[in-house]
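Everything on this sheet refers to the single structure shown next.
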Amino acid sequence: MPRDIDVCPVFTPVEITFPPVLLFQYQDDLGDELKRGLSGEDALSMYDCMLLIREFEQMVIQLKGGKFEALPDYKFIGATHLSIGQEAVPAGAMSAIGPDDYITSTHRGHGHSIAKGVFWLRAQSPEALARFIGREVGDASPDELREMALQEHVNRTLAELFGKEEGYCRGRGGGMHIADFNMGHLGANAIVGGSYGIATGAAMACDKLGNDRIVLCMIGDGATNNGIAHESYNFAAMDQFKNGTPVIYLIENNQYGMTGQQQGEVTGVKYLAQRGAGYNEANMHAEGVNGMDVLSVRDAVRRAAELCRSGQGPVMLECHTYRYMGHSLSDTREAYRSKEEEQMWRDCDAIGQFHTQLAEQGIATEDELKDRQEQAAKRVYDATIFAGNATDPDPSTIYEGLLADTTSEDLGEEGATPESELLQKPKQRSGTRQILYRHAVNEALVEEMLRDRRVVLYGEDIADYGGAFGVTRGIFEIFGRDRIFNTAISEAAIIGTGVGAAMVGLRPVVELMYIDFILMAMDQIGNQAAKNRYMFGGKAKVPLVIRTSVGGGKGYAGQHSQSLEAVVTMFPGLKVVAPATAYDAKGLLKAAIRDDNPVVYIEHQHALTERGEVPTEDYTVPIGVARVAREGTDCTVVAYSWLYYRAMEAAERLAEEDISVEVVDPRTLVPLDVDTIVKSVRKTGHLVVIQQAPERGCFGEHIAYQVQEQVFADLESPVRIVAAHNVPPPMAEPLEEEHLPSVEKIMNNIRQTVAE
Ligand SMILES: Cc1ncc(C[n+]2csc(CCOP(=O)(O)OP(=O)(O)O)c2C)c(N)n1
Ligand SMILES: [Mg+2]
């Protein structure tokens, strides 16, 4: 199906100009805002929020220095990235978005978490506040409930910094990974730039789910130079998203990364906002904002939120601000900045400035403002005592929160794609049902998309073209671009957005063309997809499927032929499947899509053209269950993916020599069905594991270790691993043949093993 636009050869002279990027245009004050309808109460809520953040972080300084006398024996561990000086940014920003809107945050995120909670709680009904408090509240009045809930919020935040069970993430995340999905906080991220993709994907999901929510991505100036930043900006700005992407990238430019200075050192631009011009015709509505003025921030974020809600996102805001303290409390700052510079920023302190305006406008007297500060200090004091006396997590609960034990079964008609949304009816493949693996995968995708309208597919070249290996051919014609679309060549953003979209309600199936390219996306897979649930206290669900394919044996050499499954099996929090047959490919993919955990689904390019019996009825193959593909008594061979076929051939040929081989196909690598393999080895006494990957560090080593640990006494010979050589896949045919485990090599190893 041709695209909307033809790309024609046009070589007439063109001059590209950009609309101006405006900086610091807001010059109003509290008086102006009060005239426009801002209430005194709302103004005070921003002031209180800034005070709370500052008091909170002053407490961290006390705790870290061992100066908090009420907890003399307490030793504060964990990070101390303080945002004192930057309070206007989170307070202004969170006051300007709705309670149902989402945020993502950073390693310097105490202020973001506190502010999101403050403004979320302000918008809750008494019943919702009582639910949030989560214990008996008696006949507390709405005001008392609000007060209790706010205290509870600070308690849980501090308890998380203390690594306590009562913390927002049950002590699994700590200060750098706080999240509370109830209030739309999708998580702080200690990987600089790590949340860009998540925010972008969550925003894309908001648009697709039509829920009118937006995402505020709080991000540092240093992070804007990270690769995922560029990939995310481009992803959000893709022309094919006709409603735009409702995401605000709010850059908190506190002038430094850790110590690298944005202006004049580590970038070539004076203002980061000017980069908005690189991403779409609207310059991403980029502007520079006075981040020392809470009203400027509020004004900019309110306008940005309106743009997002009216289909004009993404928006880029650069808020200029300053952290008074070092990068962390171990940084004394002298090495890279002057006292004079620090003083100039302190002279325009956001809290001080707003304090003056509140008093001048008669919103509160000096005494009342002082009281408010004491109240904030008391709240933090009480929260610290609470956290100090809170419960240490029980070591026996260490696995809790790693994987969700739920699936999306039984959706019924309500969850299905209505026929009216189909552009074309899917065709049923008829005949003997001996179908290609490639078609089995395609069928699984179509059936799950029909069954569940939240299933969306995206990746490189998968829409109208049908993917590099033709696996998704025909799906675009049935479902259209809303449900299956091409992305830019941005592997990190493909995965990162998938994580974010999955966290807020879509069930994305994303494609990475070759598993070799997974290395471009490793942060998103290993640090984000795998960890989001556990790190955030077992609350997130990440129903994401990452489809990818292994090559090899085609002369494509080092960067298109690797079997990199061990790169993903090492991350707790991911499931990994690698089906060999058409039947398993379909059943396991359907199971993966229904699973509420991130699943890496590994196809093999050679297996794609293998045929197998596949029923027409709906079925799934359970994740984590191995299959004894061929029974035998002399030797167990474990082989998965394409090498399963070589193992089967070797077994058949050895039968002619009276060697009886049992072939076990684990099908799922994580969680590995060790029991089935162990049972087989107990029977045969010998084990050969076959791998396409180089021997060093391959997944087969894990299988070998697991098995010998349980059946050492039953083993009659050492476990053998038949793997590739420890070199990158070479191109030349004889070299590549030598590299991969051939049927002959497998047979030889089995012969030797049974002879030992
Ligand atoms: C990917 C990555 N690289 C480096 C670091 C170490 N690090 C932690 S914070 C930081 C500076 C981040 O700067 P910026 O994004 O401006 O945020 P700020 O600390 O100023 O709030 C660095 C280099 C990290 N955590 N993650
Ligand atoms: Mg910075």
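Taking the Cα centre as origin and putting +1 on Lys and Arg beta-carbons and -1 on Asp and Glu beta-carbons, what dipole magnitude results for segment 242-334, to the nearest 20 debye? Could the numbers behind the result be given before it?
Details: 9 positive and 10 negative charges, 58 e Å.
Charge dipole of segment 242-334: 280 debye, to the nearest 20.
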For segment 122-148 and segment 440-501, write down the distance between their C-alpha centroids in whole Å.
44 Å
Rounded to the nearest percent, how much of the accessible area of segment 503-655 (1.4 Å probe, protein heavy atoms only) is carbon and sulfur?
52 percent
Unit charges at the beta carbon, dipole of the chain: most positive-side option, A502, W120, L307
A502
When DSSP beta bridges are limited to those with both residues in the chain, what percentage is antiparallel, rounded to the nearest 5?
15 percent
With Cα atoms, 0 to 90° folded angle of helix 227-236 axis to the chain main axis
80 degrees
Taking Cα pairs closer than 8 Å and at least 6 residues apart, the relative contact order of the chain in percent is 12 percent
If the only charges are +1 at each Lys and Arg Cβ and -1 at each Asp and Glu Cβ, what is the size of the charge dipole of segment 604-681 around the Cα centre, to the nearest 20 debye?
280 debye
Per residue accessible area of the chain, 1.4 Å probe, in Å²:
41 Å²
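With N denoting the number of residues in segment 278-376, provide Rg(C-alpha) divided by 2.2 N^0.38 Å, to two decimal places. Numbers along the way, then the final one.
Numbers: Rg = 17.8 Å, N = 99, 2.2 N^0.38 = 12.6 Å.
Taking N as the residue count of segment 278-376, the ratio is 1.41.
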How about segment 338-409: which chymotrypsin sites (Phe, Trp or Tyr not before Pro) there are in a DSSP loop, with at most 13 other Cβ atoms within 10 Å of their Cβ?
Y399
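Can you list which of the trypsin sites (Lys or Arg not before Pro) found in segment 77-141 are DSSP loop residues with at most 15 other C-beta atoms within 10 Å? Mind dumping the intermediate values first?
Numbers: sites: R108, K116, R122, R131, R135; in loops: R108, R135.
Those that pass, being in a loop and sparsely packed, are R135.
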Can you give the three extents of the C-alpha atoms in segment 148-246 along their principal axes, from longest to shortest, in whole Å?
45, 31, 18
Fraction in percent of alpha-carbon pairs per bin - 10 Å, the chain:
3, 13, 22, 22, 18, 13, 7, 2, 1, 0
Once amide H atoms are built 1.01 Å from N in the peptide plane, which residues 5 or more positions from Y324, or in another chain, come under 5 Å H to H?
I84, G85, Q86
Say the dipole of the chain comes from +1 at the beta carbon of Lys and Arg and -1 at that of Asp and Glu; which of F181, G553, G201 then lies farthest toward its positive end?
G553
Using the crude model of +1 on Lys and Arg Cβ and -1 on Asp and Glu Cβ, and no other charge, please compute the dipole size for the chain relative to its Cα centre, in debye to 20.
660 debye
Any chance you could give the angle, 0 to 90 degrees and rounded to 10, that helix 366-388 forms with the longest Cα principal axis of the chain?
30 degrees
Per-residue ³J(HN,Hα) for segment 296-307, Karplus 6.51 cos²θ - 1.76 cosθ + 1.60, θ = phi - 60°, Hz, x for Gly and Pro:
4, 5, 4, 4, 5, 6, 4, 5, 5, 5, 5, 4
Scalar couplings 3J(HN,Hα) for segment 174-183 by Karplus 6.51 cos²θ - 1.76 cosθ + 1.60 (θ = phi - 60°), nearest whole Hz, x for Gly and Pro, are x, x, 8, 9, 8, 8, 8, 5, 3, 9
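Going by average Cβ density within 10 Å per residue, which order do the peptides 687-694, 325-332 take, highest to lowest?
Values: 687-694: 25.2, 325-332: 15.2.
So the peptides 687-694, 325-332, ranked by packing, come out 687-694, 325-332.
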Any residue on another chain or 5+ positions along whose placed amide H is under 5 Å from the amide H of D28 is listed here as none
Using θ = phi - 60° and the Karplus curve 6.51 cos²θ - 1.76 cosθ + 1.60, what whole-Hz ³J(HN,Hα) does each residue of segment 697-706 get, with Gly and Pro shown as x?
x, 6, 5, x, 4, 5, 4, 4, 5, 4
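Output the Kirkwood hydrodynamic radius of segment 202-357, Cα pairs only, in Å rounded to one decimal.
Numbers: mean 1/r = 0.0603 Å⁻¹.
Across segment 202-357, the inverse of the average 1/r is 16.6 Å.
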Which Cα, out of T384, G401, Q373, lies furthest along the positive dipole direction of segment 332-443 (beta carbon charges, K/R +1, D/E -1)?
G401
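Out of the trypsin sites (Lys or Arg not before Pro) in segment 533-565, which ones are loop residues according to DSSP with at most 14 other C-beta atoms within 10 Å?
On the way: sites: R533, K539, K541, R547, K554; in loops: K539, K541, K554.
Within segment 533-565, the qualifying trypsin sites (Lys or Arg not before Pro) (loop, at most 14 other Cβ atoms within 10 Å) are K554.
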5 angstrom amide H check on Q261, placed H, neighbours 5+ away:
V266
What does the C-alpha gyration tensor say about the overall shape of segment 155-196? Classify as rounded when a/c is under 1.5, otherwise prolate if a/b is larger than b/c, or oblate.
oblate
What is the distance in Å between the Cα centroid of segment 45-78 and that of segment 542-596?
46 Å
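The values are calculated or read from the model by the stated rules, or taken from the named source; none is laboratory data. Here the structure is a predicted model, which is why all the values come from computation and not from measurement. A quick note on method: Cβ atoms are made from the backbone with ideal geometry, for glycine too, and the neighbour counts reach across all protein chains shown. Only protein heavy atoms, including side chains, enter the accessible area calculation; ligands, DNA and RNA are left aside. Shrake-Rupley method; radii C 1.70, N 1.55, O 1.52, S 1.80 Å.
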